[in-house]
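Note sheet for the following structure.
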Amino acid sequence: DKNCYILGIESSCDDTAAAVINNGVVLSNVVATQQIHEEYGGVVPELASRAHQQNIVPVVHQALRKANIDKKQLSAIAFTRGPGLMGSLLVGTSFSKSLAMGLGVPLIDVNHMQAHILAHFIKAEGQNTPNFPFLALTISGGHTQIVKVTNYFEMEVIGQTIDDAVGEAFDKSAKLLGLPYPGGPLIDKYAQKGNPNTFKFTKPKVQPMDFSFSGLKTAVLYFIEKQVDKNPDFISENIEDVCASLQFTIVDYLMDKLKNAVKHTGITEIAIGGGVSANSGIRTALKETETKYGWTTHIPKFEYCTDNAAMIAIVGELKYKQHVFAKNDVMAQARMKL
Ligand code: KG4
Ligand code: ZN
């Protein structure tokens, strides 16, 4: 079906997003990021769902306009069912249900975590889609997982965090350094100018393919307190080296876990996704494995790494082609397995 147009809608956290996809090609990809949370230093669920309600109609309109199609041309509506914040998910779910019903087109529910992985099947210039089976490292503000992907909808979590997500480790450390939320990209920015061998942070010990980040956050807290005690200007004088050392530790830890997963599964085809895959350190380290160990790596374009609706639309398209639709009484689900 050449004229298959899928509208994807994402509202699981603090970004309201809509996108239109046609045979794997993204025609539009609109994201309204909510600024309101910055002053609170994290996402406030109540405020997020209210902002989704304000944003969803204009965002969908814009996605259709940019794709240059009329809503009557849509073949199906795909939406994020979960996992995520219940109040946020409800906005996208109820909007999608009524739109699908109004247009008389199928409704397709999408698992947000599957979407981060299947975003690799969006057709983009200079980008090769992964071959099955592959390992997906999903790293974001809400998740840290290693997933064995056997087919589009056959996935198995083989490792995950036992506490905080890696994005939280970045953001919480950044907060301790006095940086605004979300601090991950700022740590990355400073890290690129610093010396990664200046300070040592120990890597938490857990199962070979699992992760733990809460100890690192505490270590950073004590480290900063101790240094500031000796020198009140410690942070401003050393921000680049602190960020570089911290980022080096986190990236090295992620790579250790990936190496363990490769050893365990024998799979050397690797794909990364989620907001933290924008990190320059992880991108470089992963690219290096191609010559170092002969791995094949897939790093999506930045706009498909962070939360977006194009990834929801591509999953919608895959399900549409398999005639896998949701019932109209489908409910949002805060917790959801892969
Ligand atoms: O996937 P995402 O947009 O939202 C979800 O959490 O689902 O990921 C956001 C996370 C935040 O923790 C943010 O600080 C982190 O990704 N992040 C980064 C970078 N860019 C975004 N962390 C480190 N380095 C970056 N360049
Ligand atoms: Zn996400």
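So which of Tyr320, Tyr304 is of a type outside the set (A, V, I, L, M, F, W, C), within 16 Å of ligand 1 (Cβ to nearest atom) and either touching a Phe, Trp or Tyr at 6+ places or on another chain (Cβ under 8 Å) or assigned to a helix (DSSP H, G or I) (or both)?
After ruling out the rest, the residue left standing is Tyr304.
From the set of residues in the range 298-324 that are more than 24 Å from Phe132 (Cβ to Cβ) and not charged (D, E, K, R), which is surrounded by the most Cβ atoms within 10 Å (Cβ to Cβ)?
Ala309
Would you confirm whether any residue within the range 102-116 is part of a helix (DSSP H, G or I), loosely packed, with under 15 Cβ neighbours inside 10 Å and more than 16 Å from ligand 1 (Cβ to nearest atom)? Write out each step before concluding.
We begin by selecting, within the range 102-116, every residue part of a helix (DSSP H, G or I); these are 102-103, 112-116.
Still in the running and loosely packed, with under 15 Cβ neighbours inside 10 Å: 102.
Cutting the leftovers down to more than 16 Å from ligand 1 (Cβ to nearest atom) gives us 102.
Yes, the range 102-116 has at least one match.
Identify all residues within the range 5-30 that are in a strand (DSSP E or B), within 15 Å of ligand 1 (Cβ to nearest atom) and either modelled with pLDDT under 95 or more than 18 Å from the chain's Cα centre (by Cα) (or both); write none if there are none.
Once the filter is applied, which keeps residues that are in a strand (DSSP E or B), within 15 Å of ligand 1 (Cβ to nearest atom) and either modelled with pLDDT under 95 or more than 18 Å from the chain's Cα centre (by Cα) (or both), the range 5-30 yields only Asp15.
If you check Ala119, Ala136, which single one turns out to be within 16 Å of ligand 2 (Cβ to nearest atom), closer than 30 Å to Gln73 by Cβ and either part of a helix (DSSP H, G or I) or at pLDDT 95 or above (or both)?
Only one candidate qualifies: Ala119.
Identify the single condition in (1) surrounded by 23 or more Cβ atoms within 10 Å (Cβ to Cβ); (2) not in a helix (DSSP H, G or I); (3) not hydroxyl-bearing (Ser, Thr, Tyr) that Asp163 does not satisfy, given that it satisfies every other one.
Status for Asp163: all satisfied but (1).
Name the pairs whose Cβ atoms lie under 6 Å apart, with the first residue in the range 130-147 and β-branched (Val, Ile, Thr), the second more than 11 Å from ligand 2 (Cβ to nearest atom) and in a loop (DSSP other than H, G, I, E, B), and 6 or more positions between them or separate chains?
Between residues of the range 130-147 that are β-branched (Val, Ile, Thr) and residues that are more than 11 Å from ligand 2 (Cβ to nearest atom) and in a loop (DSSP other than H, G, I, E, B), the close pairs are Ile146/Met209.
The values are calculated or read from the model by the stated rules, or taken from the named source; none is laboratory data. Keep in mind that this is a model prediction, so the values were computed, not measured. Cβ atoms come from the backbone with ideal geometry, glycine included; neighbour counts cover every protein chain shown.
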